[in-house]
1. Can you tell me which of PHE53, PHE100, PHE76, PHE45 is farther than 19 Å from LEU118 by Cα and touching a residue at least 40 places away in the same chain (Cβ under 8 Å)?
2. Find all pairs meeting these conditions: Cβ atoms under 6 angstrom apart; at least six residues apart or on different chains; first residue within segment 118-130 and at negative phi; second residue outside any helix (DSSP H, G or I) and of a type in the set (Ser, Thr, Tyr).
3. Looking at segment 115-127, can you tell me whether even one residue there is small (Gly, Ala, Ser), surrounded by 15 or more Cβ atoms within 10 Å (Cβ to Cβ) and under 23 Å from MET9 (Cα atoms)?
4. Which of the following residues is more than 26 Å from PHE7 (Cα to Cα) and touching a Leu at 6+ places or on another chain (Cβ under 7 Å): ALA116, ALA37?
5. Of all the residues that make up segment 1-42, how many are surrounded by fewer than 11 Cβ atoms within 10 Å (Cβ to Cβ) and more than 30 Å from ASP80 (Cβ to Cβ)?
6. Determine whether ASP126 is under 19 Å from PRO41 (Cα atoms) and among the charged types (D, E, K, R).
7. Got a sec? Which helices (runs of 4 or more DSSP H) wholly within segment 23-130 have at least 3 residues that are over 17 Å from the mean Cα position of the chain (by Cα) and either at pLDDT below 85 or among the aliphatic types (A, V, I, L, M) (or both)?
Amino acid sequence: MIGRSIFTMPFVVFGLIVLFSLALNGMDYSWANWTPASCLPNDCFCEAVRDGFIRQPINTYSNLAFVLAGLMMIAFGRDDWSRGKRNNLMQSHRAYLLIFGFAAIVIGVGSFFYHASLTFIGQWFDLMGM
């Protein structure tokens, strides 16, 4: 049985990340001085490009699901390890779940930055995460 305490830290961290990203959305910032992504001006993943700090809000915020999944993977791995569960490779080798969770977080953050900025460096971080 999984206790509620396992969900506390991932959801608190995720909530702070969401609040921070919503605050960024309110910023008046231009990415014009950055090298643009190769998809610009007309071929950027089915969402209209907007002005401001977050140029594609739906594509940007949907990447936060990867961050939440990664945080949950790390929390579940920690919980399994502390309870001595060793039923499979993900449970018996602590590094597997930590690396898997960290990789999901990197994918989410990289893609978040890319769709927020639509810059070439953002495109690089998005592809490197994947």
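1. Numbers: PHE53 fails: farther than 19 Å from LEU118 by Cα; PHE100 fails: touching a residue at least 40 places away in the same chain (Cβ under 8 Å); PHE45 fails: farther than 19 Å from LEU118 by Cα.
The match here is PHE76.
2. What qualifies is PHE120/THR35.
3. First, the residues of segment 115-127 that are small (Gly, Ala, Ser): 116-117, 122.
From what's left, surrounded by 15 or more Cβ atoms within 10 Å (Cβ to Cβ): 116-117, 122.
This time we only want the ones that are under 23 Å from MET9 (Cα atoms), so: none.
No - not one qualifying residue is present in segment 115-127.
4. Numbers: ALA116 fails: touching a Leu at 6+ places or on another chain (Cβ under 7 Å).
Going through ALA116, ALA37 in turn, just one is more than 26 Å from PHE7 (Cα to Cα) and touching a Leu at 6+ places or on another chain (Cβ under 7 Å): ALA37.
5. Going through segment 1-42 one residue at a time, the tally reaches 10.
6. Values: under 19 Å from PRO41 (Cα atoms): yes; among the charged types (D, E, K, R): yes.
The answer is yes for ASP126.
7. On the way: elements: 57-62, 64-83, 89-92, 94-117, 120-129.
Qualifying helices (runs of 4 or more DSSP H): 64-83, 89-92, 94-117.
A quick yes/no check of all residues on (1) of a type in the set (A, V, I, L, M, F, W, C); (2) within 21 Å of VAL18 (Cβ to Cβ); (3) exposed (fewer than 15 other Cβ atoms within 10 Å of the Cβ):
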{"residue": "PHE66", "(1), (2), (3)": "yes, yes, no"}
{"residue": "LEU71", "(1), (2), (3)": "yes, yes, no"}
{"residue": "ARG83", "(1), (2), (3)": "no, no, yes"}
{"residue": "ARG94", "(1), (2), (3)": "no, no, yes"}
{"residue": "LEU98", "(1), (2), (3)": "yes, no, no"}
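The values are calculated or read from the model by the stated rules, or taken from the named source; none is laboratory data. Keep in mind that what you see is a predicted model, and the values were worked out from it rather than measured. Every residue, glycine among them, receives a Cβ derived from its backbone with ideal geometry; neighbour counts consider all protein chains shown.
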